[in-house]
Each structure stands twice: as C-alpha cells, then as structure tokens.
C-alpha cells in the first residue's frame, strides 16, 4: 500500500501500534527510559509520532524536545546515546516504556539517572553524585 | 510557622521538594511507579500537589485521576494498593519516580504491569497475560 499523507512514517507491521497510541493535545506521549540491564529508570521525556517511528526504524532513541520544539536524538550533543532494546505501550496507550542500553550517563547533570533526588528520612536530598562533569559532556 | 493558604499540606521538612516540583498547566506531574523489589515499571499516572503530600504523609500511593478529576487512592476499588518505599524527583522537577510495594497487580486488566504490549520482531503484541480476571478486581 502506498504511504499516505497522514501516515508517512509508519513502519510496515506497526499500524496496530500507532492505532493504539493516544497522544495528548500537543501530539505527545510521555516516554520512560529504563536501563534494559540493571532496571534503573533513567529519565522521562516525550515522544511524538515521528520520534517513535524514527526510534523504531533506527534503533537509536529519538525524543521530541518540548523546550526546543523539535526532534531530539538523545546524545546528539553529549554523545550519551540510547539504543533501543524494546518499546512497550501501556494499557490505555498514553505512556511509552523504552528499554534501552545507555551509553554513559542519561542526565545532563552527569548522573546516570535523572532521578537523583529523593525524600529520605523526611528530607529531600541528592542520592547520587555526578559520574562525569557536565562541561565534559557539553563543552566548557 | 503557621500553615498558609497556599501550602496547606506541606509536610515539615519537605518545603525543598515542593519548591523543586514543576507542575504542568493543569497542576500535574507524571509519576512512574516502579516495583521496589523486582524493578519492573508498573504504570505511569499523574499527581498533583495534594496527591504527593498525601502519599508522603500516609505512605500509601495516591494519584490524581485525570478522567475522574479527583484524587485516586490506588486500589480504593480493587484493593491493589501501592505502598511507597521512596519518592524521587528528576533533574528538572517535572517527573516523579515512585518506588513501591505493589499488592497484587497494578493494571486494571489484571496484569502485573500496565506495559504489557511491546514491539517484538517488528510486530506489536501482548507480552504478558492477566494474572487475575478484571471482574474479580472490580466486580462482575
């Protein structure tokens, strides 16, 4: 079947996935990145239809940056890329789980996970140190 | 210090957490629930300020239901409650990670995790069966 204007990037066989996805009013779904090996939740970002299609087609995780208003190939500046191991969708189709192999660190602060602050013993505090200086990742 | 109208439910010592939270235009943040033992990501839901305060105060996870437009004490109908082990916040304060102890199943379909559909071998399909019938959880 020829591609149509409304589905330019649907990989063959994945029409069911895209039919099940429920994007929000901005055309986005939240996407959780989880370390496929250790199981740590690394970050939460957002994907649009094009980001999901590109990620599945290339095997390299691509998000949609709300602050930059464009596709964001994770690691395009820092080199800290994510390879997709498996994409999962939740029961009502409005959240995505990405099992990934993370190169280096996921967080722009130089920490492995973006979730490095927690409430412990009734106090909100940092629980993980940077593994690399941000200047090393993004230039001085 | 006496509580103020704008911060009726801030537990003592957690002002830093609430100052770091960045709610969206609807007053919500996405919250990932992860099994504190096995590491499985169970679900993604939403929390407002009151849901976070209640969860921290009681140790039982409370979300904000967007469909019902009210606080949703997870398991209030099904009995499948979540006990909070730890609440974490991401680097920019707009996503929450809840490490939880899940009673029974997290998904209303009777599956342990809401993320029971995946793309495998280029095909979008179910990867986990229900462990309990939904009618058992919610009545016939």
**Prompt:** With (1) within 15 Å of the chain's Cα centre (by Cα); (2) over 17 Å from residue A:115 (Cα atoms) as the list, and residue B:37 as the residue in question, which single condition is left unmet?
**Reply:** (1)
**Prompt:** Within the range B:100-126, can you find the residues that are closer than 20 Å to residue B:56 by Cβ and either surrounded by fewer than 20 Cβ atoms within 10 Å (Cβ to Cβ) or more than 13 Å from every other protein chain (Cβ to nearest Cβ) (or both)?
**Reply:** B:101, B:102, B:103
**Asked** How many residues are within 11 Å of chain A (Cβ to nearest Cβ) and surrounded by fewer than 14 Cβ atoms within 10 Å (Cβ to Cβ) if we restrict to the range B:17-56?
**Response** 6
**Message:** Given (1) touching a residue at least 60 places away in the same chain (Cβ under 8 Å); (2) more than 7 Å from chain B (Cβ to nearest Cβ); (3) touching a strand residue (DSSP E or B) at 6+ places or on another chain (Cβ under 8 Å), identify the lone condition not met by residue A:138.
**Reply:** (3)
**Item:** Residues of the range B:87-122 satisfying the condition of being part of a loop (DSSP other than H, G, I, E, B), in contact with a helix residue (DSSP H, G or I) (Cβ under 7 Å, 6 or more places away or on another chain) and free of Cβ contacts under 8 Å to residues at least 60 places away in the same chain
**Value:** B:108, B:109, B:110
**Prompt:** Only one of (1) within 11 Å of another protein chain (Cβ to nearest Cβ); (2) surrounded by fewer than 16 Cβ atoms within 10 Å (Cβ to Cβ); (3) free of Cβ contacts under 8 Å to residues at least 24 places away in the same chain; (4) more than 15 Å from the chain's Cα centre (by Cα) is not met by residue B:129, so which one is it?
**Reply:** (1)
**Request:** Working only within the range A:106-134, note down all residues that are touching a strand residue (DSSP E or B) at 6+ places or on another chain (Cβ under 6 Å) and closer than 23 Å to residue A:84 by Cβ.
**Result:** A:106, A:113, A:114, A:115
**Prompt:** Do any strands (runs of 3 or more DSSP E) entirely within the range B:23-76 hold 1 or more residues that are in contact with a helix residue (DSSP H, G or I) (Cβ under 7 Å, 6 or more places away or on another chain) and on the phi < 0 side of the Ramachandran plot, and if so, which?
**Reply:** B:62-65, B:70-73
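Every read-out reported here was derived from the displayed coordinates using simple, explicitly stated rules and does not represent laboratory data. If you're wondering where the values come from, they're calculated on a predicted model, not measured in any experiment. Positions of Cβ are generated from backbone atoms using ideal geometry, with glycine treated the same way; all protein chains shown enter the neighbour counts.
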